[in-house]
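For reference, the structure is listed below as C-alpha cells.
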Amino acid sequence: MEITFAVLLWAVRIAFLVLLYLFLIRVFTSLQRSLATESVVSARPTGLAHLVVQRTVRGAPRVGDRLPLRAVNALGRDAGNDIVINDEAASAKHALVEFAEGEWWVEDAGSTNGTIVNGEVVRSRERLHYGDELAIGRVALRLEQ
Amino acid sequence: MMRAEAAMPIGRARFTELSLLVWVATFAITGFVAVLATETASFSPTAVVVPAVFLLLMLALHVFLVAIRFRGDQILMPLAAGLTAIGLILVQRLASDLLLQQLSWSIIAAGAFAATILVPRDLTALARFKWTWAILGLLLLMAPLLPVIGREVNGARIWVKIGPGSIEPWEAVKILLVIFFAAYLEEYREILSHSQRRIGPFPVPPVPYLVPIVAMWGIAMLVMVFEKDMGATVLFFGIFLAMLFLATGEAFYAIIGVGLLILGGLVAYQVFGHVQVRVDTWLRPFDEDLRFNQGFQLVQGLYALANGGLLGAGLGNGMPDRIPVVWSDFVFDAFAEEAGLAGALALLALYLVFLYRGMQIALRAPTPFLQLLAAGLSFIVALQTLVIVGGNLRLIPLTGITLPFVAYGGSSLVTNWMLVGILMRVSQVSSRMRGGGPW
C-alpha cells in the first residue's frame with residue numbers, strides 16, 4: 001500500500017513535467033501554423049474600419065448600419081462609387097476616404113456642397129480619427145473600428 | 001475576410017486557444033495533485049478545487065473572446081494562463097496561506113484583461129494622450145514616497161496602502177511608460193534617426209528632441225533610486241534603451257546607454273549602501289561575513305538549484321522553504337529545485353515563446369505606434385524574466401523584481417494580464433487589416 005502510493009506520486013510528478021513539455025510543443029506547432037495559414041496577399045481587404053450611418057434621408061442603409069471600408073473608398077451619388085450616397089445634395093464624385101500609413105484620411109473630390117468633418121469643411125486632405133463624423137449632403141457617417 | 005468566413009462556418013471560433021487551454025488544464029491539475037498529495041500523504045479530490053476554479057476562469061475568458069467575435073492572437077492567453085497556473089502551484093507549495101489571496105488576484109486579473117480587450121475602442125487613440133500617460137505614470141511612481149499611504153517593505157519603498165491591501169504602483173507605470181515612449185518615438189523617430197550631423201562615425205543626436213524623453217526617464221530613475229528599488233530602475237532603463245533602439249535603428253543610442261548604465265552602476269555602488277550589499281553578495285556570497293547574513297538567501301537558492309538536478313526532486317518533494325521569502329523573490333529557484341533543470345528550461349521556453357509571439361505581433365502591426373507598443377510590452381516581460389532569473393542564478397546581482405505571472409503578487413499579476421490584453425488588441429488590428437485565416 002505504502003509503496004503503491006509512492007510510485008503513484010512519482011508518476012504524477014513525472015506526468016507534470018511531461019505535460020508541461022507537451023503544452024510547450026503544442027504552443028510551438030500553433031505558432032508555426034498561425035504563420036502558415038496567414039495569407040500573404042489578400043485582395044481588397046475589407047473591414048479595416050466601418051462607417052456607421054448616423055443620419056440619413058430615406059431607405060436602407062438605415063441609421064446604425066455599418067458600412068465596411070476598404071483601403072481606398074470613393075463616396076458620392078454616382079453608382080460607380082464604393083459607397084453610394086443617393087442624396088440630391090451629394091455630388092457624383094463627392095469625397096475619398098483612404099487608409100494610408102496606418103491612418104485614415106479624407107479628401108474632398110471637388111464636391112459642390114463640400115465634405116464636412118465634425119462640423120468643419122474639409123479643405124485639403126485631412127486626418128480622420130475614429131469617432132469623427134463625416135457629413136456628405138444630408139447623410140452623416142461616423143468612422144468606427 | 002468573406003472567403004475565410006465561408007470556409008469556416010463558426011467564423012470566430014478559437015480552436016487553437018481552446019486546445020492549448022486543455023493542455024494547461026492537464027498540467028495545472030497534475031501539479032496541484034502532486035503538491036497536495038506530498039503534503040497530506042494521500043490523494044484527495046479536494047486537490048482539484050483550486051485549479052478547477054482557475055481553469056473555469058480561463059475558460060470563461062475564452063468564451064468571452066469567442067462571444068465578442070474577437071479576432072486576433074490565440075496563443076498569448078493560454079501562455080499567460082499556463083504561467084499563472086504554475087504560479088498558483090508554487091504558491092500552494094511555498095505559502096499555502098496566501099493561495100486564496102493569489103486566486104482572488106487572478107480573478108481580478110482576468111477582469112482587468114477582459115476590460116482591456118473590451119474598453120479602448122481605438123488603440124491608436126492612446127497615442128494622442130501620451131502626456132496624460134506620462135504624468136499619470138510619474139504620479140503613480142511618486143505615490144509610495146507620500147507620507148501616509150506610502151509603505152516600505154524589505155527596504156524598498158514601493159508600496160501604496162489602499163484599504164486592506166497594498167499595491168505596487170510601478171507595475172502599472174511600466175505599461176504607461178511604454179505607451180508614452182511608443183507615442184513619442186512614433187512622432188519624432190524620423191528626426192531622431194536621421195541625424196544630419198556626424199562626428200566621425202558617430203551621429204550627433206538632435207538634443208532638443210531627446211530632452212522630454214530623457215527627462216521622463218531621468219525622473220523615473222530618480223524616484224526609483226529614492227524608493228531603493230534596483231530592479232525597477234534596471235527595468236525602466238532597459239525599456240527606454242530598447243525602444244529608442246527599435247524606433248531609430250541607431251546602435252549608437254544603445255552603446256551610449258550601456259555606457260551610462262555601467263557609469264551609473266559604479267556611482268550607485270559607491271553612494272548607496274544597499275547597492276553595495278547587493279553587488280558584494282553577488283560577487284562573494286560564500287564569504288564568511290555574508291554566508292549567513294545578507295548572502296543567506298542567495299546561497300540557499302543555489303543549494304536548492306543544486307538539489308534539483310536534471311529532473312528535480314519532484315513537485316512537493318524539495319526543500320525550497322529553506323530559502324527566506326522564497327515565494328516572492330526566489331520562485332524560480334524553488335521551481336528549478338522541484339521540477340529540475342527540465343522544468344526550469346520549459347518555464348524559460350514559455351517566456352521565450354511569449355517574447356517571440358510579442359515580436360511577431362509587433363512586426364505585423366500596421367502603424368509605428370502599435371509596433372513600438374507591442375515590442376515594448378513584450379520586452380517588459382522578457383527583461384523582467386532575465387533580471388530576476390539572472391539574479392536567482394547569480395549571473396547578475398539580485399534585484400527584487402517579480403517573475404512575470406508566476407511570482408506571488410497581485411499588482412504584478414493584474415498588470416501583466418492587462419499587458420497581454422493590449423498585445424492581443426494590437427494583433428487584432430493587424431489581423432483585421434490582413435484578412436486571412438484565424439490567427
- Message: What's the number of the only condition in (1) closer than 30 Å to residue B:428 by Cα; (2) within 11 Å of chain A (Cβ to nearest Cβ) that residue B:373 fails to meet?
- Response: (2)
- Residue ID - surrounded by the fewest Cβ atoms within 10 Å (Cβ to Cβ), chosen from residues in segment A:72-87 that are touching a Leu at 6+ places or on another chain (Cβ under 9 Å) and in a loop (DSSP other than H, G, I, E, B): A:82
- Do we find a residue being modelled with pLDDT under 90, outside any helix (DSSP H, G or I), touching a Gly at 6+ places or on another chain (Cβ under 9 Å) and surrounded by 14 or more Cβ atoms within 10 Å (Cβ to Cβ) anywhere in segment B:144-153? no
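Residues are listed down the side, and each one gets a yes or a no for (1) out of contact with any Phe, Trp or Tyr (no Cβ under 9 Å at 6 or more places or on another chain); (2) within 14 Å of chain B (Cβ to nearest Cβ); (3) in a loop (DSSP other than H, G, I, E, B); (4) at pLDDT 90 or above:
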site	(1), (2), (3), (4)
A:97	no, no, no, yes
A:106	yes, no, no, yes
A:124	yes, no, yes, no
A:127	no, yes, no, no
A:134	yes, no, no, yes
A:141	yes, no, no, yes
- Among (1) facing chain A (nearest Cβ under 10 Å); (2) assigned to a helix (DSSP H, G or I); (3) aromatic (Phe, Trp, Tyr); (4) over 22 Å from residue B:348 (Cβ atoms) - the single one residue B:43 does not satisfy: (2)
- Item | segment A:97-114, residues that are hydrophobic (A, V, I, L, M, F, W, C) and under 20 Å from residue A:131 (Cβ atoms) | A:97, A:99, A:100, A:104, A:105, A:106
- Which condition number does residue B:328 fail, the rest of (1) within 13 Å of chain A (Cβ to nearest Cβ); (2) out of contact with any Leu (no Cβ under 8 Å at 6 or more places or on another chain); (3) part of a helix (DSSP H, G or I) being met? (1)
- Query: Which residue out of B:391, B:312, B:376 is closer than 19 Å to residue B:172 by Cα and either among the small types (Gly, Ala, Ser) or touching a Phe, Trp or Tyr at 6+ places or on another chain (Cβ under 9 Å) (or both)?
  - Reply: B:376
- Task: Evaluate the following for residue A:67: is it surrounded by fewer than 17 Cβ atoms within 10 Å (Cβ to Cβ), modelled with pLDDT under 90 and assigned to a strand (DSSP E or B)?
- Result: yes
- Determine, yes or no, whether residue B:128 is outside any helix (DSSP H, G or I) and surrounded by fewer than 19 Cβ atoms within 10 Å (Cβ to Cβ). no
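With within 21 Å of residue B:232 (Cβ to Cβ) and surrounded by 22 or more Cβ atoms within 10 Å (Cβ to Cβ) as the only criterion, which of B:331, B:279, B:271 stands out? Working first, answer last.
Details: B:279 fails: surrounded by 22 or more Cβ atoms within 10 Å (Cβ to Cβ); B:271 fails: surrounded by 22 or more Cβ atoms within 10 Å (Cβ to Cβ).
Result of the check over B:331, B:279, B:271: B:331.
The values are calculated or read from the model by the stated rules, or taken from the named source; none is laboratory data. Note that the structure is a prediction, hence the values are computed from the model and not measured. Counting neighbours? That spans all protein chains shown, and the Cβs are built from the backbone with ideal geometry, glycine included.
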